[in-house]
1. Can you list which of the DSSP-assigned H helices in the chain have a Cα extent of 18 Å or more along the long axis and an average Kyte-Doolittle score of at least -1.0?
2. Assign unit charges at the C-beta atoms only (+1 for Lys and Arg, -1 for Asp and Glu), then state the dipole size of the chain relative to its Cα centre in Debye, rounded to the nearest 20.
3. With bins 10 Å wide starting at 0, give me the P(r) of the chain over every alpha carbon pair, in whole percents.
4. Would you work out which of Thr153, Ala223, Ala254 lies farthest towards the positive end of the dipole of the chain, given +1 charges on the beta-carbon of Lys and Arg and -1 on that of Asp and Glu, about the Cα centre?
5. Please give the direction-averaged projected area of the C-alpha convex hull for the range 122-270, in square nanometres with one decimal.
6. Give me, ordered by chain and number, the residues 5 or more places off Glu54 or on other chains with an amide H under 5 Å from its own placed amide H.
7. Using r as the Cβ-Cβ distance of Asp61 and Arg119, and R0 as 25 Å, what FRET efficiency do you calculate, to the nearest 0.05?
8. Take the Cα radius of gyration of the range 1-124 and divide it by 2.2 N^0.38 Å, with N its residue count; two decimals is plenty.
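Please treat every number below as a calculation from the coordinates, not as lab data. For clarity, every value in this text was computed on a predicted model and none was experimentally measured. Quick reminder, even Gly has a Cβ in these numbers, built from the backbone with ideal geometry, and neighbours come from all protein chains shown.
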Amino acid sequence: MTDVTMTTLQTVFEKARSERRAALVGYLPAGFPSKEGAVAAATAMVEGGCDVIEIGLPYSDPLMDGPVIQDAVHRALTNGTRIADVLRTVEGVAATGAATLVMTYWNPVDRYGTERFARELAAAGGVGTITPDLTPEEAGPWLEASAAAGLDTVFLVAPSSTDARIEKVVRCCTGFVYAASLMGVTGARETVSAAAEGLVKRTREHTDVPVCVGLGVSTGAQAAEVAAYADGVIVGSAFVRPLLDAPDEASGIAAVRRLAEELAAGVRRG
């Protein structure tokens, strides 16, 4: 689908390390605030300083997502967003030069066909996936399909994860490890959980793959705090909220760009 030279996750983290900072990872669902608006908003996030973009694959039963992302995903589904639209969104965002991932629950990929999804995601310029509800025990076919397509795989660890569980999860991770800073659903919070730093430290005892922290970051100050100990800072709900609240798409996209600039300054302070 695309002939743009892709930025890999490896080069993203190497560049961030060379600049003595964490990488900034931003999330937005495909099809929100509209199919075209998702590409425009993600592009604004890249222009504001995001190194990596996660494109969410809208799903009717998003168990891990908080109310902000659930609202956005509902709007995306109402807009008629399908996997073909997700892939077109990836293609549009990858054209910016940012490393572009898909974050998806496992059921839609399973139904679509694992090898087909991996092949088409790679063709669209995607560099990998985050699969929050896929367990290592069931990940074999996806790991094989991803490796064959040249995609990175990202799995989650949480504060409740035992050391044995962390070791098992990180063996499935090639792009980075997603360290959920707290238990519960996604959403911006006043403070980032104190458990996050300890989780990053424990995870690093089992892998050299970069460790990124998500769930709760919404300000430049919080980004700086997390960037002091993590390889990457993941921001989701805070990017979605301005698009939900804006009176029109253009002003929402402008707000997203400003937030990206604030967060990018934060990861550089960290």
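1. 35-48, 249-269
2. Dipole magnitude for the chain comes out near 340 debye.
3. With a bin width of 10 Å, the distribution comes to 8, 34, 40, 17, 1.
4. So the residue furthest toward the plus end is Ala223.
5. In nm², the orientation-averaged hull projection of the range 122-270 is 9.7.
6. Long-range HN contacts for Glu54: Gly26, Tyr27, Leu28, Leu101.
7. On the way: r = 26 Å, r/R0 = 1.03.
Here the calculated transfer efficiency is 0.45.
8. So the Cα radius of gyration is 1.04 times the expected 2.2 N^0.38 Å.
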